[in-house]
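Q: Pasting a structure below so you can have a look.
The values are calculated or read from the model by the stated rules, or taken from the named source; none is laboratory data. The structure displayed is predicted, hence computed values, not measured ones. Because the Cβ atoms are built from the backbone with ideal geometry, glycine has one as well, and the counts that use them run over all protein chains shown.
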Amino acid sequence: MSTPTPPVKRFEQPSAGRAEDDARRGFLYFTPKKRRPSLYEELTIDTQISTERHLQGGWLVAFEDGRGSHSLGSTALRVADWFEWRDPAELWERPFYQQAAQAAREQDAAVAAARSEGLFARMTDGWRQFLQSSLQLPAFYEHGLWRALCGAARPALSDLVTHAIVLEAAMKQRQAQDLVVYAMDLEPDIGECSTEAARTRWLEEPAWQPVRALVERVASVHDWMERVIATNLCIEPLVGNLLRREMLLVPASANGDPVTPVIIGNAQREWLWVREWTPELVRFCVEDEDFGDHNRDVLTEWTQSWNAEAEAAVDAGVEVVKAVPAPRARPAREALEQVRRERDQLQSALQRKEVTA
Amino acid sequence: MSTARRRSVTKTHERIGQLGWEPTHHQPATNYPTRYKFPAKAKDPMKQIMREYLPMQLEKDERVYGGFDAAVRANMGNKAEQRWLEVLKPFVHTTTYLEGCAGRVMSMLLDTVPNDELRNGYHVQFVDELRHIGMQQSLARFYTKNAPNPYGWDMGWKYYVGSPLTRAGYNMSTHSIVGDPVYCGMSMMTVLETAFTNIAFVALPDVGARNGDFTLPTTYSSAQSDEARHISNGYATLMTLLQEDANIPLIEQDLPSAWWTNHAFIDPFAGVLVEYFSKDRSDQESYLQKWDRWINDDYYKSYIEQLGKLGLNMSADAFKEARERIVTGLIHRTAIFAFAIWPLAYWRFDGLTERDFEWLEARYPGWYDEYGMLWEGFNALKDPREGALFLQGFLENASPICWSCMMQCLGDHDQLYRVVDGRTRFYCSEMCKHNDEAYPGRYTGDRQFFDRYHGWNLADVVRDIGFVREDGKTLVGQPHLDDDLPLWTLDDLEACGCEVISPNIRTAEEMGLPNGSWHDAGDPDGAVVPSERGYVQHSIGPDGLETGPGMRSNGNREGRRNVAEVIR
């Protein structure tokens with residue numbers, strides 16, 4: 001006996017209008033990276049108007065000093081067309097909210113479960129005290145980078161780059177707030193975790209001043225791409241990873257803290273996204289047919305300068321990591337060597353490719 | 001399973017508020033200096049926290065995108081009125097660009113305003129605006145795939161800045177991202193979002209629903225639910241500014257200016273959409289009645305007038321004048337001009353019927369006597385086989401295009417103008433004239449569409465702006481929706497022999513004024529005004545950003561910096 005044919009859903013007319021018009025049922029004003037445009041491309045490209053794209057006749061409104069709406073001189077980097085760059089992860093608002101809201105829910109669920117099972121009481125004493133005194137200090141670091149990135153979004157020279165910067169800034173702000181919220185959640189179980197005291201240390205304690213100076217320095221730069229490169233190529237791989245991963249994520253598990261790894265795990269997942277799109281942006285700049293060499297020079301100069309500044313901060317950061325209570329996963333110097341290796345790997349996008357026959 | 005304890009929003013906000021600090025090692029840079037002074041204290045009245053914000057926005061997103069799925073299943077693209085669906089092309093593009101501007105002005109304020117509470121609110125708004133861009137582009141994508149006519153949507157962002165009708169919207173929106181960042185912020189938050197989103201995101205989607213379109217109300221209602229936060233940002237900014245006496249004269253100058261700039265485009269644009277593109281005539285309210293409810297009562301009387309109690313001496317003139325212009329026919333006159341230049345649009349027009357005439361006459365007694373014959377004329381010439389264009393003869397009598405707002409000068413008053421460097425600029429109103437004079441150098445570019453194409457054959461103009469289907473002959477814009485009538489082609493336009501006459505050049509000649517053209521064939525970015533170029537003396541910041549490869553050696557010292565100054 002043969003099995004019945006499964007029902008097939010049929011559409012007599014998949015869309016309104018004439019069938020011959022169906023080839024026009026897409027956004028055809030840009031060239032997609034692949035054969036078919038992605039949803040990300042369709043929802044992002046050309047929402048920022050540019051004389052580089054479709055606007056003819058120049059900018060219609062000017063700043064008091066004569067700049068147009070967007071100025072190619074807003075960064076020292078030059079590329080043929082900023083609208084050609086794509087975020088490899090194709091992040092836009094809907095997946096952003098899905099992921100960020102999930103991170104928020106995971107933290108709440110982790111706190112509720114830990115409290116329910118009495119896990120906060122089983123953390124080591126040293127770690128409890130460390131959380132009370134130091135958990136929120138990296139929040140100031142994240143907040144400082146948030147501030148610098150926010151200002152880089154307006155002058156950015158394409159909607160695709162702007163999207164990445166704004167979403168990264170939103171992640172930074174949430175990451176900063178997550179630590180404060182966790183501190184508040186911990187207080188009924190482990191006692192006061194003063195944000196004010198952490199703030200005082202951030203503002204006054206000598207060990208933290210190089211880190212504070214570093215993030216303040218990023219916001220003191222006019223060039224929006226320099227802010228992005230300084231943050232994502234030089235500071236985050238070194239200082240961010242040291243503070244988040246080596247100071248909080250890894251030792252938290254060893255000290256019986258089940259929530260910090262959830263919070264920092266989400267922050268590090270977001271860092272993986274940044275670690276993917278920033279080298280892609282670097283590659284885009286240094287492979288530009290006309291300006292690649294110039295861009296490589298500028299980027300090399302920036303990374304050398306910012307690496308030096310980040311190193312000064314990370315020296316202080318190592319002292320902070322040394323204060324993390326035992327059992328630590330490994331010595332602070334070892335952790336520092338790893339983040340340096342990762343930074344160098346990330347910056348290898350800047351190196352000139354060997355031409356092979 | 002245990003659940004998370006509910007946190008106090010106030011306490012949480014207070015704690016996260018401690019994350020901010022005043023930099024002392026390095027002073028923050030801004031690329032957008034302001035004339036305004038900011039006091040040390042300010043408040044974010046919405047107490048925005050990412051923890052509360054993110055799940056809320058996700059929930060709203062799910063509803064919007066679920067609405068698109070429902071619309072596909074309900075075959076809404078085939079059921080909604082096509083007259084309405086056509087005009088959503090310029091509408092959705094205009095609002096989406098505005099959303100982008102709203103986000104970008106937040107970045108300007110974040111870099112300029114030295115207060116962390118306000119900055120927190122601005123940042124949340126920037127993320128909101130990315131959400132609105134995503135939703136509204138998704139809506140455009142839905143119509144592209146499901147509405148009867150994809151032409152116009154398919155080349156949307158190219159066409160948006162090509163049509164003289166939508167370039168005026170681009171011009172208006174850009175005022176919110178170019179200029180003093182506080183001016184820009186007020187333009188966006190205190191005017192556009194506080195006053196006009198009620199019209200654009202509430203009243204107008206109601207008309208959409210009446211025309212069988214439920215995706216537009218779903219999308220824009222969701223956006224509007226964020227606007228409360230943005231309005232609150234605007235109010236908080238204003239209250240902060242008012243703590244410094246030196247800001248008061250600046251607000252008294254900038255707020256009416258921003259009000260007028262936005263009114264000058266949005267009111268005629270939204271009014272024409274509501275009154276001339278609704279097939280459904282069940283709505284008892286005219287645009288003027290909607291305006292009285294949403295703008296006059298809810299904005300002017302309950303918001304702007306109340307600012308007087310806070311020390312602002314706000315003149316009522318600009319608000320009264322805006323209403324008076326609507327009463328005296330701003331929308332009706334704009335409508336017939338927009339329909340007349342249909343080949344320069346990227347959507348299709350549906351001529352008015354007897355039922356439309358009755359609806360308009362009932363709300364504006366005397367309407368038919370004044371405008372009826374024009375509409376009869378439009379309908380008589382919608383068939384290309386007639387061999388004549390409604391536009392022929394129209395431009396010969398059209399009033400000039402305003403230098404500032406780029407809309408038609410439609411008032412009954414004497415034509416306003418001024419002569420700058422030997423050329424004549426026309427203005428639709430005293431406020432638009434003031435907006436040019438009080439902010440010198442603001443208006444640039446090859447901004448007068450008809451100057452650029454003065455003397456051209458209309459078919460060549462359409463070819464030049466590319467408003468032609470991929471068959472190379474059929475026009476994207478059409479004056480009818482009738483399947484029984486042929487579509488207009490470039491050949492039909494050629495046969496009409498219509499020559500474009502710039503109303504500005506013609507009017508200047510008629511009035512014996514100096515050159516009315518601001519187009520310069522030798523300068524693709526428009527005639528540069530030497531006196532205003534001389535006004536530009538300084539660059540941004542001391543770090544030499546404006547030098548480097550790709551920049552002309554003489555470009556940065558003389559003023560405008562844009563693509564024309566880049567050597568490829």
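Q: Taking helices (runs of 4 or more DSSP H) that fall entirely within the stretch B:156-238, which contain at least 3 residues that are within 14 Å of chain A (Cβ to nearest Cβ) and touching a residue at least 60 places away in the same chain (Cβ under 8 Å)? First the steps, then the outcome.
A: Details: elements: B:156-160, B:164-174, B:181-185, B:204-210.
The helices (runs of 4 or more DSSP H) meeting that bar are B:156-160, B:164-174, B:181-185.
Q: Whether any residue in the stretch B:325-338 is outside the structural domain of B:Pro164 (by TED's automatic domain parsing), touching a helix residue (DSSP H, G or I) at 6+ places or on another chain (Cβ under 9 Å) and farther than 23 Å from B:Ser404 by Cα is what I want to check.
A: So far as the stretch B:325-338 goes, no, none of its residues is outside the structural domain of B:Pro164 (by TED's automatic domain parsing), touching a helix residue (DSSP H, G or I) at 6+ places or on another chain (Cβ under 9 Å) and farther than 23 Å from B:Ser404 by Cα.
Q: If you check A:Val79, A:Val61, which single one turns out to be aliphatic (A, V, I, L, M), closer than 26 Å to B:Tyr97 by Cβ and free of Cβ contacts under 8 Å to residues at least 60 places away in the same chain?
A: Only one candidate passes the filter, namely A:Val61.
Q: While we're looking at this one, here's another question. Count, please, the residues in the stretch B:333-375 that happen to be assigned to a helix (DSSP H, G or I), over 20 Å from the mean Cα position of the chain (by Cα) and within 20 Å of B:Asp280 (Cα to Cα). Talk me through it step by step, then tell me what you get.
A: Narrowing the stretch B:333-375 to residues assigned to a helix (DSSP H, G or I): B:333-340, B:342-344, B:354-363, B:367-375.
Keeping just the survivors that are over 20 Å from the mean Cα position of the chain (by Cα) gives B:340, B:343, B:354-363, B:367-375.
Next, from what is left, pick out any that are within 20 Å of B:Asp280 (Cα to Cα): B:354-363, B:367-368, B:372, B:375.
Final tally of qualifying residues: 14.
Q: Considering only the stretch A:209-226, state which residues are charged (D, E, K, R) and at the interface with chain B (Cβ under 7 Å from one of its Cβ atoms).
A: Matches in the stretch A:209-226: A:Arg212, A:Glu216, A:Arg217, A:Asp223.
Q: Kindly indicate which of A:Ala349, A:Ala332, A:Ala312 is within 14 Å of chain B (Cβ to nearest Cβ), at pLDDT below 95 and in contact with a helix residue (DSSP H, G or I) (Cβ under 7 Å, 6 or more places away or on another chain).
A: Criteria check complete, one pass: A:Ala312.
Q: Something else now. If I filter the stretch B:117-134 for residues that are closer than 15 Å to B:Thr237 by Cβ, surrounded by fewer than 24 Cβ atoms within 10 Å (Cβ to Cβ), more than 8 Å from chain A (Cβ to nearest Cβ) and not aliphatic (A, V, I, L, M), do I get at least one hit?
A: Yes, because at least one residue in the stretch B:117-134 is closer than 15 Å to B:Thr237 by Cβ, surrounded by fewer than 24 Cβ atoms within 10 Å (Cβ to Cβ), more than 8 Å from chain A (Cβ to nearest Cβ) and not aliphatic (A, V, I, L, M).
Q: Moving to a separate point now. Check B:Asp414, B:Asp451 and return the single one that is farther than 19 Å from B:Thr174 by Cα and at pLDDT below 95.
A: On inspection, the qualifying residue turns out to be B:Asp414.
Q: Can you tell me how many residues within the stretch B:99-108 are more than 9 Å from chain A (Cβ to nearest Cβ) and either farther than 18 Å from B:Tyr220 by Cβ or out of contact with any helix residue (DSSP H, G or I) (no Cβ under 6 Å at 6 or more places or on another chain) (or both)?
A: Let us first name the residues in the stretch B:99-108 that are more than 9 Å from chain A (Cβ to nearest Cβ), namely B:101-102.
Cutting the leftovers down to either farther than 18 Å from B:Tyr220 by Cβ or out of contact with any helix residue (DSSP H, G or I) (no Cβ under 6 Å at 6 or more places or on another chain) (or both) gives us none.
Result for the stretch B:99-108: 0.
Q: Can you run down the residue pairs with Cβ atoms below 8 Å, 6 or more apart or on separate chains, where the first is in the stretch A:276-304 and part of a helix (DSSP H, G or I) and the partner is among the acidic types (Asp, Glu) and surrounded by fewer than 19 Cβ atoms within 10 Å (Cβ to Cβ)?
A: Note: pairs meeting the criteria are A:Phe284/A:Glu84.
Q: For A:His70, indicate whether it is surrounded by fewer than 23 Cβ atoms within 10 Å (Cβ to Cβ) and either over 17 Å from the mean Cα position of the chain (by Cα) or within 7 Å of chain B (Cβ to nearest Cβ) (or both). Let's see the steps before the verdict.
A: Values: surrounded by fewer than 23 Cβ atoms within 10 Å (Cβ to Cβ): no; either over 17 Å from the mean Cα position of the chain (by Cα) or within 7 Å of chain B (Cβ to nearest Cβ) (or both): yes.
No, not satisfied.
Q: Right, next: Out of B:Glu321, B:Glu370, report the one residue that is in contact (Cβ under 8 Å) with a residue 12 or more places away in the chain, acidic (Asp, Glu) and touching a Gly at 6+ places or on another chain (Cβ under 8 Å).
A: Answer to the selection: B:Glu370.
Q: Within the set of pairs 6+ apart or on separate chains, which have a first residue in the stretch B:487-509 that is free of Cβ contacts under 8 Å to residues at least 24 places away in the same chain, a second that is surrounded by fewer than 21 Cβ atoms within 10 Å (Cβ to Cβ) and among the acidic types (Asp, Glu), and C-beta atoms under 7 Å apart?
A: Sorted first by the residue in the stretch B:487-509, then by its partner, the list stays empty.
Q: Out of all the residues in the stretch B:512-521, is one or more more than 8 Å from every other protein chain (Cβ to nearest Cβ), at pLDDT below 90, over 24 Å from the mean Cα position of the chain (by Cα) and assigned to a loop (DSSP other than H, G, I, E, B)?
A: yes
Q: Right, another one. State yes or no: is B:Arg63 at pLDDT below 95 and farther than 30 Å from B:Thr240 by Cβ?
A: Criteria not met by B:Arg63.
Q: Further, regarding this structure: Can you tell me which of B:Tyr368, B:Tyr427 is under 19 Å from B:Ala322 (Cα atoms), at pLDDT 95 or above and away from chain A (no Cβ under 14 Å)? Break it down into steps so the answer makes sense when it comes.
A: Working: B:Tyr368 fails: under 19 Å from B:Ala322 (Cα atoms).
The conditions single out B:Tyr427.
Q: For residues that are over 11 Å from A:Gly26 (Cβ atoms) and facing chain A (nearest Cβ under 7 Å), tally how many sit in the stretch B:135-150.
A: Summing the residues that are over 11 Å from A:Gly26 (Cβ atoms) and facing chain A (nearest Cβ under 7 Å) in the stretch B:135-150 gives 6.
Q: When the stretch B:398-422 is examined, which residues are found to be over 26 Å from the mean Cα position of the chain (by Cα), over 21 Å from B:Arg323 (Cα atoms) and in a loop (DSSP other than H, G, I, E, B)? Outline the logic, then answer.
A: Start the filter on the stretch B:398-422 by keeping residues that are over 26 Å from the mean Cα position of the chain (by Cα), which leaves B:414, B:419-422.
With over 21 Å from B:Arg323 (Cα atoms) added as a condition, the list becomes B:419-422.
Matches in the stretch B:398-422: B:Asp421, B:Gly422.
Q: Turning to a different aspect of this structure: Checking the conditions here, which among B:Gln18, B:Gln48 is facing chain A (nearest Cβ under 9 Å) and either surrounded by 22 or more Cβ atoms within 10 Å (Cβ to Cβ) or not basic (Lys, Arg) (or both)?
A: Values: B:Gln48 fails: facing chain A (nearest Cβ under 9 Å).
Sole residue among the options that is facing chain A (nearest Cβ under 9 Å) and either surrounded by 22 or more Cβ atoms within 10 Å (Cβ to Cβ) or not basic (Lys, Arg) (or both): B:Gln18.
Q: Considering each of A:Leu119, A:Leu60, A:Leu77 in turn, give the residue that is buried (at least 24 other Cβ atoms within 10 Å of the Cβ), farther than 24 Å from A:Val228 by Cα and of a type in the set (A, V, I, L, M, F, W, C).
A: The unique qualifying residue is A:Leu60.
Q: Taking A:Leu91 as meeting all but one of (1) assigned to a loop (DSSP other than H, G, I, E, B); (2) modelled with pLDDT under 95, write down the number of the exception.
A: (2)
Q: Which residues, counting only those in the stretch A:286-299, are surrounded by fewer than 15 Cβ atoms within 10 Å (Cβ to Cβ) and touching a helix residue (DSSP H, G or I) at 6+ places or on another chain (Cβ under 6 Å)?
A: None; the set is empty.
Q: While we're looking at this one, here's another question. Looking only at residues in the stretch A:35-65 that are among the hydrophobic types (A, V, I, L, M, F, W, C) and within 7 Å of another protein chain (Cβ to nearest Cβ), which one is nearest to B:Leu139 (Cα to Cα)?
A: Restricting to residues being among the hydrophobic types (A, V, I, L, M, F, W, C) and within 7 Å of another protein chain (Cβ to nearest Cβ), the top hit is A:Leu43.
Q: Inside the stretch A:143-182, can you point out the residues that are without any contact (Cβ under 8 Å) to a residue 60 or more places away in the chain and either touching a strand residue (DSSP E or B) at 6+ places or on another chain (Cβ under 8 Å) or more than 8 Å from every other protein chain (Cβ to nearest Cβ) (or both)?
A: Hit for the stretch A:143-182 is A:Lys172, nothing else.
Q: Could you tell me whether any residue of the stretch A:132-139 is assigned to a loop (DSSP other than H, G, I, E, B) and either more than 10 Å from chain B (Cβ to nearest Cβ) or at pLDDT below 95 (or both)?
A: The answer is yes; a qualifying residue exists.
Q: On to the next question. What's the total number of residues in the stretch B:345-360 that are among the basic types (Lys, Arg) and surrounded by 22 or more Cβ atoms within 10 Å (Cβ to Cβ)?
A: So the count comes out to 1.
Q: Moving on. Quick one: what pairs do we get from the stretch B:450-468, first residue within 13 Å of chain A (Cβ to nearest Cβ), second surrounded by fewer than 18 Cβ atoms within 10 Å (Cβ to Cβ) and β-branched (Val, Ile, Thr), C-beta under 8 Å, 6+ apart or different chains?
A: Going by the 8 Å Cβ cut-off, the qualifying pairs are B:Val468/B:Thr474.
Q: Separate question: Just name the residue that is farthest from the chain's Cα centre (by Cα) out of those in the stretch A:37-67 that are among the hydroxyl-bearing types (Ser, Thr, Tyr) and in a loop (DSSP other than H, G, I, E, B).
A: The qualifying residue farthest from the chain's Cα centre (by Cα) is A:Thr51.
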